């Protein structure tokens, strides 16, 4: 009797474990997209990081950029504020990029050019153009609105959710679709392949390194590759902090000409 009871309990535990494994896989594509968006752009209520960018053209010639990124969320999955302040090299020093990211309308984006003492408004049509001469786009920095695309779950592997994403307004973008591999453990998109109007792969965004920072899985190195020319841009992130207590005034238009030095300063 005891042997049968033990066997029954063991079978029950095995069944429970099996159900937990099955339940771990998501099958609602909108939930996957939502979680990936939160993991990529909404860690903590705010955050800062210092970025080093290496731009390499098809001939192997290199340029470098260095800047600090500040971010503040109004709410998880909602509107956000971004400020990017450049420090190196000399020709881009004190250039500042400011974003009011909206989920229900086009983002507001400004670029301050210190050499001209000019604040330039970046139109919605420019968000998929080069970010300060790199292979990243403006939209790569602050994130693409998930509502701009139709999403389809095409595969679930041991490691990834694989999604195909098609723009709702094809005339507004240079791609016909993009495929993304989302890590099932961290929900971070690890690779994104973009296809042109002839369904030819031409652009790749990939995560090269992640770390656990303040308990948060965080991208610390990524790369964008132009697969047609062979050129690429690699970006490393350092001195990352979350939940620093920044308020909305940090991201005002005044900060374009007078960046908030206390938040740009490297934390101790």
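A short reminder: the numbers here are calculations on the coordinates, not readings from a lab. On a predicted model such as this, the values are computed, not experimentally measured, just so you know. Here the Cβ is made from the backbone with ideal geometry for all residues, glycine too, and neighbour counts use every protein chain on show.
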- Item | Projected-area mean, segment 21-134, by convex hull of Cα positions, square nanometres | 10.2 nm²
- Item | the chain - mean residue ellipticity at 222 nm from DSSP helices (-39,500 (n - 2.57) per run, n ≥ 4, rounded to 500) | -5500 deg cm²/dmol
- Message: What value in Å³ per residue do you get for the convex hull of the alpha-carbon atoms in segment 110-174?
- Response: 116 Å³
- Message: Tell me whether segment 200-268 comes out rounded, prolate or oblate; compute the Cα gyration tensor, take square roots of the eigenvalues as a ≥ b ≥ c, and use a/c under 1.5 as the rounded threshold.
- Response: oblate
- Message: Between 228, 250, 119, where does the largest GNM mean-square fluctuation fall for the chain, given springs only between Cα atoms within less than 10 Å?
- Response: 228
- Task: Can you pull the one-decimal nm distance between simple spin-label points at residue 199 and residue 268, each 7 Å off the Cα toward Cβ?
- Result: 6.0 nm
- Task: Take the alpha-carbon centre of segment 221-268, take the same for segment 119-192, and report the distance between them in whole Å.
- Result: 19 Å
- Projected convex hull area of the chain, Cα atoms, direction-averaged, in nm², equals 18.2 nm²
- Measuring from the longest principal axis of the C-alpha atoms of the chain, the long axis of helix 2-24 (C-alpha) lies at a number of degrees, nearest 10, equal to 20 degrees
